[in-house]
Each structure stands twice: as C-alpha cells, then as structure tokens.
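In what follows, a single structure is set out as structure tokens and then discussed.
The values are calculated or read from the model by the stated rules, or taken from the named source; none is laboratory data. Bear in mind the structure is a predicted one, so any value in this text is a computation, not a measurement. Here the Cβ positions follow ideal geometry from the backbone for every residue, glycine too, while neighbour counts run over all protein chains shown.
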Amino acid sequence: MTASSEKSVLDRRALLSGGVVAGAALAAGLPREATAVAPKQGLSRPSVYRFGLGDFEVTSILDGAIQLDGPHPIFGQNTTQEEVAALAVANFLPPDRMEIPFTVTVVNTGTEVILFDSGNGARRRPNAGRLRELLADAGLTPEQVDIVALTHFHGDHIGGLMEDGSPAFPNATYVIADAEYDYWSDESLLSNESMKGRAELVHSNVVPHAPKTRFIKGGDAVVSGIEAVDSWGHTPGHTSYHLESQGRRLLVLGDVCNHYVVSLQRPDWHVRFDMDKEGAVAARKKTLGMIAADRIPFVGYHMPPPAVGYLEPLGEGFRFVPVSYQLNL
C-alpha cells in the first residue's frame, strides 16, 4: 500500500468514527446545535400576469379558485362518468376532483383602462373575490377603471361590481350586451324559484349601473381596437371581446369554455352551467375554431392561471397550449 492510499484509508476511518461518535452523542441525549424549521406557508401561485399587445397592455388577475368534486356530472352531462373520468386521467388529472379558477382581464389602451368582468366580490366565496386588493398589485386603483365590459351575468362575473352597496369602480362606465341585460333584468325572474338568487344579484349589482351603461351587440366597438363578439349559449347574451393593436390580436373569451381539458377536448359535451346546451356547443366550436385557425392567444376566465394560451386542433376538439414567452417578445 502506498503512502497516499494509507492516508485515504485513515481519512475514511476518521470520518466514520466521527459519525459514530456523533450518533452516540445524540442517542445519549447530549446537547446539539439547534436548527430552525420554517413554518409551512400553504398554497401559493402568481396572481398577476402582464404582457404587451401592440400598444395595449394586458393584465390577467386571478380573483381566486375553488376546489370541488368533478369534472362529472358538471361536465359531460350528455355522456358517462366513466368517459369523463378517463379523459381526465389521460390528461394527468384526478378523475373525481377539480379546480375552477376565476381570472379577470384588465386592458390599458394608453387612454382608457378597461376591466373585463368584476370577479366574485367579497361576499361570494372565501377563496375568491380578491380583485380590488389585487388591482394594487397590478399598479391600479378601482378609481382608475374607466370602462367595465361584461361577458355575462353569472355571479362570479358580476359579484364584484358593488362593494357595501356602492359601485366598486366609482368612475367607470359600463358596456353590456343588450340581449344579456334584457334577459336578466326581467322582473319576472325574481318570482322564479330556480332563477331568483341570480336575478336578485343582477338587480343589486348590475341594474343600478344602467344609467351609465352603453348597450351593445356583436360587432360593436368598445373602444378603438376592441370589438364585441357574440358567443351566446352559456347565457342568452354571452359576449367575448376581440382585441387588436399593431396587428397583434387576443380574444377575451369569458365562459365559452369552463375547463381547459374537458370543454376544449370535448366541446360537444354539455356543461351544467350552460343555459342553452346546444347553443353553447355551437359557440365553443365556432369561437375555439377561429382561435385555433388564426393561431391567436386568448384569455379564458376559467383556464389555469395565468389563463392565457393558444389552441391546437386535436381530433374533434382542441388542446390548450399555455403561454410561455411568446408575449414577452
């Protein structure tokens, strides 16, 4: 054995013997140097995502999320639980639990700040309704919102329009599809047991803004570069919004699709939340087909945060391709 190899053996023996001694000391209860254990912090995810679109600046804000049983029977009402579960598992999702996020979009055109939908509001859910506080993280205040453009009148989209009985965005005017307003503001819904709760929320949160509202149809401009797109079915006047600036395009989709796998890969499957089931299927196929064919990005209200992505044709449906760095360039 050479001198160097003898030294190596001795070094290993010293290391091992030191470990044995240290272990014995711990076993004997002798003092050792204390180590701090950091407390667990719980679930965390980015809440604000901002990117440029030509001269526009677009920000998606996560209003919150809920976890619940599903996807079936909420999704795939016209098929079996087994088929829906198999699709979920094939996409690395659990077959019996799901998450539904809520993402609001803000567009700064350089001359106006436009808010698309208002989130759940503080009264709606314990894990959602954070829009007003998150506006500060996005560098905005409620007073700076010039226009609130609504996609439709379900509670997770209009719940944040009022706070403690006052307008949450005190300087804003409103843009609403006339078909959506006409349906939900009908006072006969207040005496319909199945519709009463939703109708009451419309009357408390939307109807008071009617004097400051511009009622629109598909094809009408919100401002220069932003146009309403009819996407009825989910509700009677559901409206998406097409943005274009310096040749760059984006669609604010609203609730044309409510799940990034089930609604996209199987657009013909019925969804509990859709008021006109076949109308919603037609709107999904038409609107999603346009997004895929034109290869443009979109923001989907219930897509995984930051809720921005593209669509790839996949069989009779589409695959969601989350945004990476495309919009940073």
So for the range 36-43 (the condition being under 17 Å from the mean Cα position of the chain (by Cα) and over 17 Å from GLY300 (Cβ atoms)), does at least one residue qualify? yes
Taking the criterion of being over 29 Å from GLY64 (Cβ atoms), surrounded by fewer than 23 Cβ atoms within 10 Å (Cβ to Cβ), touching a strand residue (DSSP E or B) at 6+ places or on another chain (Cβ under 9 Å) and basic (Lys, Arg), would at least one residue in the range 265-276 satisfy it? no
Checking ARG13, ARG32 in turn, the sole residue that is basic (Lys, Arg), loosely packed, with under 10 Cβ neighbours inside 10 Å and modelled with pLDDT under 75 turns out to be ARG32
Hey, does the range 288-303 have a residue that's among the acidic types (Asp, Glu), assigned to a helix (DSSP H, G or I) and over 22 Å from PHE116 (Cβ atoms)? no
Which of the residues that make up the range 214-256 are small (Gly, Ala, Ser) and either in contact with a Cys (Cβ under 6 Å, 6 or more places away or on another chain) or more than 17 Å from GLY289 (Cβ to Cβ) (or both)? GLY219, ALA221, SER224, GLY225, ALA228, GLY237, SER245, GLY247
Quick check, is VAL321 of a type in the set (Val, Ile, Thr), in contact with a strand residue (DSSP E or B) (Cβ under 9 Å, 6 or more places away or on another chain) and without any contact (Cβ under 8 Å) to a residue 24 or more places away in the chain? yes
Quick check, is ASP182 of a type in the set (D, E, K, R), within 22 Å of ALA228 (Cα to Cα) and surrounded by 21 or more Cβ atoms within 10 Å (Cβ to Cβ)? no
Which of the following residues is over 21 Å from the mean Cα position of the chain (by Cα) and closer than 21 Å to ILE100 by Cβ: GLY197, GLY160, GLY155? GLY197
Hey, could you check the range 157-176 for residues that are in contact with an Asp or Glu (Cβ under 8 Å, 6 or more places away or on another chain) and crowded, with 17+ Cβ neighbours inside 10 Å and say which is nearest to VAL104 (Cα to Cα)? HIS157
Restricting to the range 216-259, name every residue that is over 20 Å from GLU57 (Cβ atoms) and either at pLDDT below 95 or aromatic (Phe, Trp, Tyr) (or both). TRP232
Restricting attention to the range 283-303, the residues that are surrounded by 15 or more Cβ atoms within 10 Å (Cβ to Cβ), under 21 Å from VAL107 (Cβ atoms) and not aromatic (Phe, Trp, Tyr) number exactly 9
Among the residues of the range 304-326, which ones are outside any loop (DSSP other than H, G, I, E, B) and either among the basic types (Lys, Arg) or surrounded by fewer than 17 Cβ atoms within 10 Å (Cβ to Cβ) (or both)? GLU312, PRO313, LEU314, ARG319, VAL321, PRO322, GLN326
Under 6 Å between Cβ atoms, which residue pairs at least 6 apart in sequence (or on different chains) link something in the range 40-55 that is at pLDDT below 85 with a partner that is surrounded by 15 or more Cβ atoms within 10 Å (Cβ to Cβ) and part of a loop (DSSP other than H, G, I, E, B)? ARG45/PRO305
Within the range 144-155, restricting to residues that are free of Cβ contacts under 8 Å to residues at least 40 places away in the same chain and in a loop (DSSP other than H, G, I, E, B), the one that is surrounded by the fewest Cβ atoms within 10 Å (Cβ to Cβ) is ASP146
Just wondering, is there one or more residues in the range 80-89 that are of a type outside the set (S, T, N, Q), under 19 Å from LEU250 (Cβ atoms) and touching a residue at least 40 places away in the same chain (Cβ under 8 Å)? no
